[in-house]
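Working notes, structure below.
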Amino acid sequence: MAIGPDTRHLTRTQAAAAEIDVGLRQYMLRVYNYMAGGLALTGVAAYLTASTPALFNAIFGTPLVWVVMFAPLGFVIFLSARINKMSLTGAQVAFWLFAAVMGLSLASVFVIYAGESIARVFFITASVFAAMSLYGYTTKKDLSGWGSFLFMGLIGIIIAAVVNLFLASSALQFAISVIGVLVFTGLTAYDTQRIKETYDVSASGEVAGKTAIMGALRLYLDFINLFLMLLQLFGNRR
């Protein structure tokens with residue numbers, strides 16, 4: 001009678017765990033690649049729009065600006081509602097279109113803020129994002145408890161921002177930016193852990209691809225909003 005551990009069983013278990021670990025790393029790399037590609041496309045679109053006066057004035061000098069400003073929200077709602085019914089190619093196209101339109105809406109950043117200031121804040125944002133995303137990926141702590149708190153903070157920021165459209169208060173804007181930095185810093189870690197937990201080793205290639213796109217969309221939004229909040233705090237206006 002064997003009284004020691006079943007080494008064959010342990011070997012199979014270890015091999016399965018290693019396979020899952022490799023698959024998870026590949027999945028997360030795919031998420032980050034989508035996010036980085038989206039950010040790059042947004043940056044290029046914003047810069048080209050800002051440096052083309054005819055295009056910039058056609059958008060920001062006409063009522064078309066409202067369409068451009070709200071179009072990214074429309075893409076987010078569309079992707080969230082339809083992702084399961086779309087093909088992987090369709091989801092990819094929708095994501096790239098979203099990133100491009102977001103670039104159009106952010107073109108004014110290059111007009112309002114100095115270029116070196118934008119670069120400096122971008123690298124600060126990238127450093128904070130990388131640190132918090134790494135924490136969310138590696139921590140053993142369950143961050144699900146952060147969800148309701150961060151969601152309440154996000155709703156508060158949106159309401160305060162709408163109110164400040166009418167008040168135009170610099171003090172309120174400062175408070176929104178400070179709270180926004182805290183909220184989106186927390187969301188970066190929270191969303192990274194949630195994305196990690198959605199990994200399914202048995203998912204088909206197309207399902208995994210669409211899941212990766214939605215994960216990239218969440219991290220993209222965390223990064224962009226964190227960048228904008230930090231820019232309002234530390235950016236140098238022209």
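The values are calculated or read from the model by the stated rules, or taken from the named source; none is laboratory data. Because the structure is predicted, anything quoted here is derived from the model rather than measured. All Cβ positions, even for glycine, are placed from backbone atoms using ideal geometry, and neighbour counts span all protein chains on display.
Structure data summary
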| read-out | value |
| --- | --- |
| Flag if ALA99 is within 21 Å of the chain's Cα centre (by Cα), crowded, with 16+ Cβ neighbours inside 10 Å, within 19 Å of ALA216 (Cβ to Cβ) and touching a residue at least 40 places away in the same chain (Cβ under 8 Å) | yes |
| Some residue of the range 177-195 being within 15 Å of ARG30 (Cβ to Cβ) and touching a residue at least 40 places away in the same chain (Cβ under 8 Å) | yes |
| Complete set of residues in the range 102-143 that are closer than 27 Å to GLY74 by Cα, part of a loop (DSSP other than H, G, I, E, B) and out of contact with any Phe, Trp or Tyr (no Cβ under 8 Å at 6 or more places or on another chain) | LEU106 |
| Residues satisfying the stated conditions in the range 87-96, i.e. touching a residue at least 24 places away in the same chain (Cβ under 8 Å) and either out of contact with any helix residue (DSSP H, G or I) (no Cβ under 8 Å at 6 or more places or on another chain) or buried (at least 18 other Cβ atoms within 10 Å of the Cβ) (or both) | ALA91, PHE95 |
| Given (1) at pLDDT below 90; (2) out of contact with any Leu (no Cβ under 6 Å at 6 or more places or on another chain), index of the condition ILE195 fails | (1) |
| Neighbours by Cβ (under 6 Å, 6+ apart or cross-chain): first from the range 201-223, farther than 16 Å from MET102 by Cα; second among the charged types (D, E, K, R) | ALA212/ARG30 |
| Matching residues in the range 154-204 - criterion: being farther than 29 Å from THR139 by Cα and not in a helix (DSSP H, G or I) | ALA168, SER169 |
